């Protein structure tokens with residue numbers, strides 16, 4: 001189980017202090033793991049901290065409040081600010097090194113309400129990374145005095161990763177690589193993800209991406225409860241917006257934008273990325289109405305061995321060199337709920353957590369009841385039954401959207 005940390009409304013520094021103090025042991029685990037990962041890439045810890053500190057101005061120009069939040073985390077955990085910056089800039093620090101494109105890393109999918117069996121937007125991801133980080137994960141559930149509260153699965157010490165907010169905006173992450181990476185300072189993608197959780201729609205997330213500069217390439221798959229789906233392909237040259245057919249949107253670890261794809265580095269020629277993308281599209285295309293079961297089947301697909309969407313660990317490898325599917329995450333954006341498992345091979349969700357702790361809180365299911373069940377039970381009706389009345393009945397959600405006209 002991933003611990004859920006509830007952070008009450010307050011200042012950014014107060015929020016960070018509570019996070020750092022409460023999750024100090026897990027933050028120490030993250031710091032130790034990344035110190036070793038950087039070393040495997042030939043980067044000493046002091047050098048990693050120096051590189052991260054060089055991004056301070058880029059972060060401050062984009063979202064100064066997040067520097068305050070990060071400073072609070074550092075103080076609460078009893079560590080230097082530069083060390084927490086190094087955690088949050090780990091993608092940028094590792095960019096171009098031998099660990100930058102871990103084979104089989106990350107498959108993300110989004111489904112619009114008009115294609116969904118639940119009648120709401122679905123957003124999901126497998127996070128493939130080094131298995132050592134499994135014990136350094138945390139679920140942050142944040143209330144805010146202004147703007148939407150949010151829920152995010154994060155590596156301890158980082159401000160965000162995969163998540164959704166009370167406005168119904170959800171985000172996922174795929175690492176990409178281009179020949180422009182590292183040419184200039186920019187906003188670390190994990191800081192950018194935290195900033196996106198303050199937005200209220202895909203449209204405002206797109207505008208936020210256009211305001212930022214980036215030093216490394218990534219894709220952020222965004223969706224909202226109204227049914228907008230976009231892939232924000234970020235790179236030092238700017239942001240490219242990928243929309244596709246508006247019914248579903250899938251992304252792995254290569255650029256879909258043709259112009260940017262020309263600058264993809266040889267390091268990014270991951271043998272599994274294109275195979276995983278094709279398989280994800282195939283699974284979704286087989287369902288007229290895509291439900292929770294279909295998404296789960298996609299995330300836990302192991303039909304292609306090493307190149308599968310669900311990556312099986314090579315147990316002969318050391319823990320810090322063993323890449324596997326560390327977590328599977330499914331978000332139902334209409335009901336503001338996140339489902340999670342750290343053991344996708346078991347093919348069951350181990351945690352169900354709502355953005356609003358008062359509107360459902362956290363549910364822990366037994367092994368018997370957490371296996372795949374019909375979509376009408378695992379979707380909107382089941383979530384609403386838990387809280388007594390639906391979010392729409394409580395006046396929190398609009399009526400379901402039909403597909404907008406072309």
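Considering region 292-345 alone, what residues qualify as being out of contact with any helix residue (DSSP H, G or I) (no Cβ under 8 Å at 6 or more places or on another chain) and part of a helix (DSSP H, G or I)?
Listed by number, the residues that qualify are 295, 296, 305, 306, 345.
So which residues in region 264-274 are surrounded by fewer than 17 Cβ atoms within 10 Å (Cβ to Cβ) and at pLDDT 90 or above?
We begin by selecting, within region 264-274, every residue surrounded by fewer than 17 Cβ atoms within 10 Å (Cβ to Cβ); these are 266-267, 269, 271, 274.
Result: 274, single match.
Which of the residues spanning region 61-76 are farther than 11 Å from residue 195 by Cα and in contact (Cβ under 8 Å) with a residue 12 or more places away in the chain?
68, 69, 70, 71, 72, 73, 74, 75, 76
Inspect all residues belonging to region 297-314 and state whether any of them is crowded, with 21+ Cβ neighbours inside 10 Å, at pLDDT 95 or above and over 16 Å from residue 125 (Cβ atoms).
no
Can you report the number of residues in region 328-343 which are surrounded by fewer than 24 Cβ atoms within 10 Å (Cβ to Cβ) and over 13 Å from residue 163 (Cα atoms)?
The total comes to 3.
When region 160-196 is examined, which residues are found to be in contact with a strand residue (DSSP E or B) (Cβ under 7 Å, 6 or more places away or on another chain), assigned to a loop (DSSP other than H, G, I, E, B), closer than 28 Å to residue 264 by Cβ and in contact (Cβ under 8 Å) with a residue 40 or more places away in the chain?
Matches in region 160-196: 176, 177, 180.
Restricting to region 1-20, name every residue that is within 22 Å of residue 337 (Cβ to Cβ), under 20 Å from the mean Cα position of the chain (by Cα) and either free of Cβ contacts under 8 Å to residues at least 24 places away in the same chain or not in a strand (DSSP E or B) (or both). Even if it seems obvious, please write down each step before you answer.
The initial filter retains those residues of region 1-20 that are within 22 Å of residue 337 (Cβ to Cβ), namely 1-9.
Remaining after also requiring under 20 Å from the mean Cα position of the chain (by Cα): 1-7.
Listed by number, the residues that qualify are 1, 2, 3.
The values are calculated or read from the model by the stated rules, or taken from the named source; none is laboratory data. Fair warning: this is a prediction, and the values are worked out from it, not measured in the lab. In this analysis, Cβ positions are derived from the backbone assuming ideal geometry, glycine residues included, and neighbour counts consider all displayed protein chains.
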